[in-house]
Amino acid sequence: MFYPMFRYGGHHVSYLLSFIGKTIKINRGGPESIVGKLIAVHADYIVLLTKDGVVYVNTHHIKSITEGKTNQSIGRTIGRTGYIVAHSFHDVLRRLTKHFVQINQGGPEKVTGFIVEVGPDTLLLVSGKEVIRIPLFHIRTVSLARRDGSDDKSKDDSQRSQGQRSGGRDSGSGSGSQASRGRQASRGQQGSKGRHGSRGAGAGASAGHKR
């Protein structure tokens, strides 16, 4: 069932308590549409358990909520999921200071980085070599993020190491093959010389008998 937010007075979210434990869809479409199991409702934010982990949603940016079957599998139970309990969405952001996070779920304003500082109106984020100041009101969602760069580097190092070991085995195999061919060629030459020498000796003996 579809529940448009304007029918409930915007930020008044007490009615959401009836959805706790249910899988819902926040917003109908676009980069900020998100599906997850509702696990907590607070003054100005809700907590969703999604297939990628826990997401904190600023209720000021919720335009609609859809209840019903979805095609996404959550995969984890509520009882085993830890999440931040805070007085407000602003407090959630403060508690995520010095953590690597993802701001917003998609679109051009999606960004990952370390929260350095949370002020009264803005958040300071370090993303790579950039220092970004984001107005708090424009932060629609926040979630902890995984630093994939280090994982990719370790995978590349492992692949290079395997390639070097494989190359060494191939080189050793090639050297062994060349040595084997060399020994066979040497034996063939010695055998041929021996046969020629035997024929020459036989011919000399025959000539001596004739004389």
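Determine the sum of side-chain charges near Lys98: Lys and Arg each +1, Asp and Glu each -1, restricted to other residues whose C-beta is under 14 angstrom from that of Lys98. Show your work: numbers first, answer last.
Working: positive: Arg94, Arg95, Arg147; negative: Glu117.
With Lys, Arg at +1 and Asp, Glu at -1, the net is +2.
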Pairs from Lys51/Lys129; Lys22/Lys51; Lys37/Lys63; Lys63/Lys98; Lys25/Lys51 whose Cα-Cα separation, in the structure shown, is over 20 Å: Lys51/Lys129; Lys63/Lys98
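Within the set of other residues whose C-beta is less than 11 Å from the C-beta of Asn27, count the net charge using Lys and Arg as +1 and Asp and Glu as -1.
Details: positive: Lys25, Arg28, Lys63, Arg140; negative: Glu32.
Charge balance in the 11 Å sphere: +3.
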Exposure proxy order (Cβ contacts within 10 Å, fewest to most) of Thr50, Thr122: Thr122, Thr50
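What ranking do Arg140, Arg147, Arg95 get, fewest neighbouring Cβ atoms within 10 angstrom at the top? Could the numbers behind the result be given before it?
Working: Arg140 23, Arg147 10, Arg95 14.
In order of increasing Cβ crowding within 10 Å: Arg147, Arg95, Arg140.
We did not get these values from a lab; they are worked out from the coordinates using the rules stated. Everything quoted here is computed from the prediction, not taken from an experiment. All Cβ positions, even for glycine, are placed from backbone atoms using ideal geometry, and neighbour counts span all protein chains on display.
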